[in-house]
Amino acid sequence: MGSNMYIDLYHVSLYVCVCAVGLTGTKYGCGGGGCGACTVMVSRYDPVEESIHHCAVTACLQPICSLYGAAVVTVEGIGSTRTKLHPVQERIAMAHGSQCGFCTPGMVMSMYTLLRNKPKPSMEDIREALAGNLCRCTGYRPIIDGFKTFCNKEQCCQNGEQRVKCCLENGFTHNLDDNQISEELFRVEDFIPLDPTQDLIFPPELILMGKKPDGGQLCFQSERVKWISPALLTDLIQLKAQYTDFPMLVGNATLGAFQSNLKAHSAISFLVTFILSLSLSLSLSLSPLSAGVREVCLNEEFFTGFGKTALRPDEILLAIDIPHSKPWEFISAFRQAQRREFAFSIVNAGMKVVFRDESAVVESLDLYYGGVGPSLVKARNTCKELSGRLWDESLLAEGIRLLKEEISLSPAAPGGRVEYRKSLILSFFFKFYMQMLKRKLSERDVRWLTRIVSKKHKTTAAQNTSSTDPVGRPRMHQAAFQQATGEAQYYDDIPAVKGELFLSMVTSTRAHAKITSIDASAALAMPGVVTFITAEHVPGQNRRLWFGNIEELFAEEEVICVGQIIGAIVAENRELAKRASCLVTVTYEDVLPVFFTIQEAIEHQSFFEPKRKLERGNVEEGFEQSDHILEGELYMGGQEHFYMETQGLIAVPGEEAGEMELYVATQHAAYTQEVVGLTLGVDSNKITCHVKRLGGGFGGKVMKIASLSAITATAAYRTGRAVRCVLERGDDMLITSGRHPFLGKYKVGYMDDGTILAADITYYSNGGCTLDESSFIMEKALLHMDNGYKIPHLRGRGFVCRTFLPSYTAFRGFGGPQGLTMIESVLHEVAAKCGLPVREMNMYQSEDSYTHHKQLFSPKDMLRCWSECLEKSDYEQRLLAVQQFNSTNRWRKRGMSIVPMKFGIGFSKGFYNQGAALVNIYKDGSVLVSHGGTEMGQGINTKAIQIASRILNVPMSSIHVKETCTGNVPNAAPSAASFGTDAIKQTLILQYAYCQKVSLSATGFFMGPHTGVDWKRSEGTAYYYFTFGACCSEVEIDCLTGDHKNIRTDIVMDVGRSLNPALDIGQVEGGFVQGLGLYTIEELQFSPDGALRTRGPSDYKIPALIDIPRTLNTHLLTNAHNPHAIYSSKGIGEPTVFFGCTIFFAIKEAIAAARRERGLSESFNLSSPATAEKIRLACEDTCTTAAFSVKPEPCKPWAIDI
């Protein structure tokens, strides 16, 4: 058996092991290998090639036992701020590619691994290397900007155009206008050159180990796990015979991976459907007793069920026989997924046709489909019937008919999307038919398949400041180097406190039911489980009032959603707490009614109070005066925050009674402090919240984290020990929820010339089971319903629906995107009806304009943004080019859309518009700043340092920003509403005035302007000021699959006089890409029982690098001012999420072009997000008609539309 090594396999993944030794730079993002945050480099010596192979792996999925003989390098191993940065770390930081920083170590390690294998990569190499790394903050452009500097100039650009320099020469500079000061976002010449000779060497002892004859079989064993690594094939065959139920996790090179793919992913694997069409044969080893080899043909009979094959438990794949292709034999493969890369197929297909020599007669045909059943499906009857026929339109029509009859899907089929999957079955066959007519892909299609995603970055910014003044300059994020090296500390990176315990939630599995019993005895019997806490263990208040509505910490008698917290297990370690929580048994008695959708809530008249209304003019009179009346509706789905760092905290009991220290990931430390105090029954002065930084927030870490903190603090109070709570990604998505789904119903009256006289819009949002911030979000939607348009008679009504889903909460934009999108849909439909540029003719024009809630503002900068966007995007000429493209392409269509934006900054609740900060100046001249804001990637600390540097006339290097702490700055407002920097910079100005006197320590407090709305009178100054912008996007859709490509986006944004153009551009582009996800690919799915199905990156897709526009131009409006803020800057974090709707409306334009060509109505419903499914089904044709022609049998659907 060889040498045996016994290790504790309780923590089996590489991620857990690197954390156990204190290497916290490797981050937990999802636990499923779907985000890339835990990427490390694994290197092995190959004795055959006598070379070292480097590969990037996700540590959360890598079994530690599989790494015997390998070298592992984490982000800490390649450079640090204490020694020397690696060029990869330096460039991503200096190119402003790190915002919240949580994904940055994974990005660094993916790029570092690429450079170890290929020191001078191409842009295609970089794109492929980063395909598995997700970022929720930056929009990817600055990451690529930094990394593409490693390319050869002749290889790099690939986004170059005629008469334009390489991106390495001009890609980072602002456009120049007369009388402007231009400044690069970063200087390439300042970078450390890459010197591969300075990289870490592979351990020589591992090379010597690899050169020696194999040392024999290894066995790793613990109480629950046994891992055996055989040295020889004969050993493996014997083990397979001995342990028939043991899975083979890692095989020899490609064969092992191939065998794993065959067994594990037979129904969805694109690879498998493709290889089936190749007519492969497999050589399989037989058991040691029979000692032989079995030949198996790889066909549909090889797959016997989901995850099952004809492989016997004791067989090993020895060889694959791939036959040579024959003359007149053609093979093709197709797939369609939620995201264009790094996503499982919804449907895939492999197809092969053999023609009789030099004819169009089909000799044989093979059609294989995946994703349409529990296993792979061959359309056997269709293939038989079409053989011997001429490859013409009659064969196509007959093939579609036969496929429709042969391959069927139940409405309850796992995965849902039944009509779409049916249409893809037929569309793929049609694509194959068309390809065979051409006998090859067109040159243009090849370019689309191979062209890399290039990012053009253009910015314009005028800053009339001296060269030594830090304000207005593109300064790097103050913690970027620490984030790139893994040194930046997040809450879960804090070393364990002595005696620390771990907490795992027990949540409801029913949507509406009475709790009849809770039995935790099985969990408590497990060694290492300390306690189980429920509502009865709360020392203070388990229930609290929130604007007249009761919110429960733990469910006491009744649950009102799946995922509601019932109790929590506290145990000695993380894995044990999770395992024990699954053993807690809760019994229920179902209660009616139970419903989940907006439509059902309307039927039940289930709404939260208050209901809101705003009205300008007389809507009924406006309708009477209008030439035309149009009615319609638009549905917008919700969105998951998917911050890279999941929610959690560490609660540490103090030495004196009642004291509690919380190290917590929150955007609103004061609110968390308040809730914890109420829960423990102690005063707030005994609760101290510490927030160093967040790995993303986007509004999701304001409310829900307070409840999680109170539960964790209760566990710490009860046990007297520190307790750590870190939500796993699936639990985070289940418990915390996200952006509200909205339904807008509108009626609009307009004139023949396109002037809109009246609009009446009713907004419904799905608030979930508790109020949370839903009423505030609905108010913001109503306050933005006019966008930039002066509609004389305008009425909006808002209803927050109470349903039995987890309560929806704040999300970047806070209702603004939903409110703005509804009015843009109105304008879009009116423009489609009358064929006129209705947006521009209906915009506010007067210098002194009033919103529909009677707030005075000037639209001058909005109109400037609009005009510049038209000019810089070359809108008119490109629109003609789009029309020309559509006239010559039947199955691909393009569309363009341009929208303006007016977005209110600050809180409409005036008491939130305040801020505070503490500044200490020390005798050595150094400065310490503490403020009430939270650094979560937006750069609030960096801007605070820039402002303090200007005010105090000290270098930025002499200023340090301390953690956010309720003990330093009390009662701070949340970091939200794009208002954080405004509040902080005002407080620093006030402190300067104080410091001019005597004290070298001062607290500044900023009381913002009074804002508020009188809802009865439909008037009020709702916002501090407005931010303006305009955005134009162009897309291309595939009418046969619904796939779409984002071709180009141009943004012109008014940020006033930018404090830091690099950070502001990052916020603009990051917000836009988050909006791109909201309006196109991010789709939440719920079961008919109200359980969230999309609970991780394998099911829920946020934009990846491949999804961002091929060309992305961002321009900051020049000579813009903001008299309402110091230094004339503007908040920028939230508004540009709305710009993602330009992708949505451009898609709608492309669909309309397809429908117009087919003689179909150009009026059609398209809900957001515009997924591939919705695009395909809207492009009606023979395939979609056939997919809907079969009446489904009644059954419970797999998913419901929330």
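The values are calculated or read from the model by the stated rules, or taken from the named source; none is laboratory data. Since this is a predicted model, take the numbers as computed values, not measurements. Ideal geometry is used to build each Cβ from the backbone, glycine not excepted, and the neighbour counts take in all protein chains shown. In case anyone asks, the SASA skips ligands and DNA or RNA and just uses the protein heavy atoms, side chains included. Shrake-Rupley method; radii C 1.70, N 1.55, O 1.52, S 1.80 Å.
Brief remarks on what is shown
This table checks each residue for (1) modelled with pLDDT of 95 or more; (2) under 21 Å from residue 309 (Cβ atoms).
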residue	(1), (2)
348	no, yes
359	no, no
366	no, yes
383	yes, no
389	yes, no
405	no, no
412	no, no
416	no, no
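- One residue stands out in region 478-509 among those that are out of contact with any Leu (no Cβ under 9 Å at 6 or more places or on another chain) and of a type in the set (Val, Ile, Thr): the one that is nearest to residue 192 (Cα to Cα), namely 494.
- Residues that are in contact with a strand residue (DSSP E or B) (Cβ under 9 Å, 6 or more places away or on another chain), among the small types (Gly, Ala, Ser) and surrounded by 22 or more Cβ atoms within 10 Å (Cβ to Cβ) within region 74-109 comprise just one, 106.
- Count of region 284-312 residues which are over 36 Å from the mean Cα position of the chain (by Cα), at pLDDT below 75 and either under 20 Å from residue 379 (Cα atoms) or outside any strand (DSSP E or B) (or both): 7
- Within region 751-779, considering residues that are open to solvent by 10 Å² or more (accessible area, probe 1.4 Å) and in contact with a helix residue (DSSP H, G or I) (Cβ under 9 Å, 6 or more places away or on another chain), the one nearest to residue 671 (Cα to Cα): 764
- If you go through region 888-926 and keep only what is modelled with pLDDT under 95 and β-branched (Val, Ile, Thr), you end up with 905, 919, 921.
- Tally of residues being closer than 30 Å to residue 742 by Cα and among the basic types (Lys, Arg) across region 560-606: 0
- Among (1) touching a residue at least 60 places away in the same chain (Cβ under 8 Å); (2) more than 28 Å from residue 577 (Cα to Cα) - the single one residue 777 does not satisfy: (1)
- Consider region 782-800 and keep the residues that are in a strand (DSSP E or B) and of a type outside the set (Phe, Trp, Tyr). The one that is most open to solvent (accessible area, probe 1.4 Å) is 797.
- Counting only helices (runs of 4 or more DSSP H) that fall entirely inside region 1122-1202 and contain at least 3 residues that are open to solvent by 30 Å² or more (accessible area, probe 1.4 Å) and either farther than 29 Å from residue 811 by Cα or of a type in the set (Lys, Arg) (or both), the qualifying elements are 1182-1189.
- Residue list for region 513-534, restricted to those being open to solvent by 20 Å² or more (accessible area, probe 1.4 Å) and either acidic (Asp, Glu) or in contact (Cβ under 8 Å) with a residue 60 or more places away in the chain (or both): 514, 515, 516, 517, 518, 519, 522, 530
- Filtering region 187-215 to residues that are closer than 20 Å to residue 70 by Cβ and either among the aliphatic types (A, V, I, L, M) or assigned to a helix (DSSP H, G or I) (or both) leaves 200, 201, 204, 205, 206, 207, 208, 209, 210, 211.
- The single condition from (1) open to solvent by 20 Å² or more (accessible area, probe 1.4 Å); (2) among the aromatic types (Phe, Trp, Tyr); (3) part of a helix (DSSP H, G or I) that residue 866 fails is (1).
- Of the residues 997, 1016, the single one that is part of a loop (DSSP other than H, G, I, E, B), modelled with pLDDT of 90 or more and open to solvent by 20 Å² or more (accessible area, probe 1.4 Å) is 1016.
- Filtered residues of region 56-73 (kept if of a type in the set (A, V, I, L, M, F, W, C) and open to solvent by 60 Å² or more (accessible area, probe 1.4 Å)): 61
- Among the residues of region 341-360, those that are surrounded by 15 or more Cβ atoms within 10 Å (Cβ to Cβ), in a loop (DSSP other than H, G, I, E, B) and touching a strand residue (DSSP E or B) at 6+ places or on another chain (Cβ under 8 Å) comprise 343, 344.
- Test for residue 364: is it open to solvent by 30 Å² or more (accessible area, probe 1.4 Å), touching a Ser or Thr at 6+ places or on another chain (Cβ under 9 Å) and in a strand (DSSP E or B): yes
- Note on region 367-405: residues that are over 45 Å from the mean Cα position of the chain (by Cα) and part of a strand (DSSP E or B) amount to 1.
- Tabulated pairs, region 834-848, first at negative phi, second among the basic types (Lys, Arg) and part of a loop (DSSP other than H, G, I, E, B), C-beta under 6 angstrom, 6+ apart or interchain: 844/790
- Matching residues in region 411-438 - criterion: being on the phi > 0 side of the Ramachandran plot and either of a type in the set (Gly, Ala, Ser) or part of a helix (DSSP H, G or I) (or both): 415, 416
- Residue 1049 vs. criteria within 30 Å of residue 956 (Cβ to Cβ) and hydroxyl-bearing (Ser, Thr, Tyr): no
- Any chance residue 408 is part of a loop (DSSP other than H, G, I, E, B), of a type in the set (S, T, N, Q) and within 30 Å of residue 1086 (Cβ to Cβ): yes
- In a residue-by-residue description of region 142-152, the property of being at pLDDT below 90 and either open to solvent by 80 Å² or more (accessible area, probe 1.4 Å) or not in a helix (DSSP H, G or I) (or both) applies to at least one position.
- The one condition from (1) of a type in the set (A, V, I, L, M, F, W, C); (2) out of contact with any Ser or Thr (no Cβ under 7 Å at 6 or more places or on another chain); (3) not in a helix (DSSP H, G or I) that residue 823 does not meet is (3).
- Region 1109-1121, residues that are assigned to a loop (DSSP other than H, G, I, E, B) and either of a type outside the set (Val, Ile, Thr) or at pLDDT 95 or above (or both): 1109, 1110, 1117, 1119, 1120, 1121
- Within region 588-620, being of a type in the set (A, V, I, L, M) and surrounded by fewer than 14 Cβ atoms within 10 Å (Cβ to Cβ) holds for one residue alone: 592.
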